[in-house]
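Below is one structure, written out as structure tokens; comments come after it.
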Amino acid sequence: MPPAGSAPPKGAGGARTAQGVVARYARGDDYHAVLREKLNALGAWIERRWPGERTRGFTDSGPLRERELAARAGIGWQGRHTNLISLDLGNWFFLGALLTTLELAPDPSVEGHCGTCTRCLSACPTGALVAPHTLDARRCISYLTIELKGFIPRELRPLMGNRIFGCDDCLAACPWNERAQAGRETRLAARAGDAAFPELLEWLALLGSETVFQVKFAGTPLLRPGREGLRRNVCVALGNVGGAESLPGLEDALRSDPSPVVRGHAAWAMGEVAGRARGALAQAAYTALREAATRESNEAVRTEIAQAGSG
């Protein structure tokens with residue numbers, strides 16, 4: 001399986017506008033549903049084959065340390081990036097767990113094979129891998145773009161680049177991926193269209209509507225952060241890689257989005273883009289920020305506007 005890769009060079013693309021990056025696992029159907037279906041089928045087979053035995057499946061849906069259990073079960077070993085690595089699959093695979101009362105012979109665990117390699121540690125854009133096998137989730141882009149509600153720390157926004165949902169950098173850096181083969185589950189393959197490298201301005205516009213958000217991303221992991229979280233992430237990406245053509249869309253988000261979180265990140269992005277644009281376009285953006293400050297009632301957004309407009 002080829003590495004996850006990134007979008008085309010930041011802000012590049014000829015006639016195309018800036019593009020974002022969606023983590024590989026989120027480009028197809030929601031893996032939770034796919035794995036749950038398979039686990040339920042396996043559990044049903046066990047209960048038919050051994051009457052009286054019970055099973056229960058988990059797909060990141062319960063208090064299970066799935067990576068640790070998988071390592072003990074011999075599926076692979078935990079790499080320095082804290083993810084599981086398989087001799088045959090690299091680190092591009094999902095984990096699901098099936099608990100059962102059926103007595104099973106344990107498989108031997110697998111010895112770690114990272115050697116002296118530290119590629120994953122060096123690849124982390126935000127320095128979230130603070131030491132081998134130690135992740136500071138508060139700095140991890142996957143956490144920031146998916147699980148974090150509210151404002152992303154300002155000092156981390158520039159480090160996020162054009163990643164709008166998750167981050168594959170530490171996974172893609174692992175040399176064990178060279179042995180991996182492509183999976184056969186078509187539902188987990190990338191959907192057609194903009195599932196991998198979306199046009200940021202297009203997504204900024206469509207994410208203005210909750211209804212459009214729900215319809216477009218139905219059945220995918222991208223529902224997880226909600227409309228607010230995903231539009232916030234798009235604003236950050238535009239702040240990092242967008243050109244002057246991004247300013248009208250960002251100004252509209254600042255003016256009309258009902259979420260203070262989105263408005264605040266739109267203001268930050270306008271300041272970043274204006275700083276690169278300079279000249280008349282930059283001055284127009286700063287004027288729009290000053291005007292926004294006069295009508296904004298949310299204190300956190302007002303702070304973002306003030307800092308963005310100081311350029």
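Glu155 versus (1) farther than 25 Å from Gly28 by Cβ; (2) modelled with pLDDT under 95; (3) acidic (Asp, Glu): which is the lone unmet condition?
Failed condition: (2).
Of Ala269, Ala237, which residue is buried (at least 24 other Cβ atoms within 10 Å of the Cβ), of a type in the set (Gly, Ala, Ser) and in contact with a strand residue (DSSP E or B) (Cβ under 7 Å, 6 or more places away or on another chain)?
After applying the criteria, what remains is Ala237.
Only one of these is at pLDDT 95 or above and among the acidic types (Asp, Glu): Glu103, Glu111. Name it. Quick ask: steps written out before the conclusion?
Working: Glu111 fails: at pLDDT 95 or above.
Criteria check complete, one pass: Glu103.
Scan region 208-222 residue by residue and report those that are over 17 Å from Ala253 (Cβ atoms), surrounded by 12 or more Cβ atoms within 10 Å (Cβ to Cβ) and of a type in the set (A, V, I, L, M).
Leu222
Considering every residue within region 60-67, establish whether at least one is touching a Gly at 6+ places or on another chain (Cβ under 6 Å) and on the phi < 0 side of the Ramachandran plot.
no
Give the residue, chosen from Glu291, Glu272, that is over 21 Å from Trp203 (Cβ atoms) and acidic (Asp, Glu).
After ruling out the rest, the residue left standing is Glu291.
The values are calculated or read from the model by the stated rules, or taken from the named source; none is laboratory data. As the structure is a prediction and not an experimental result, all values here were calculated from the model. Positions of Cβ are backbone-derived with ideal geometry, glycine not excepted, and every protein chain shown enters the neighbour counts.
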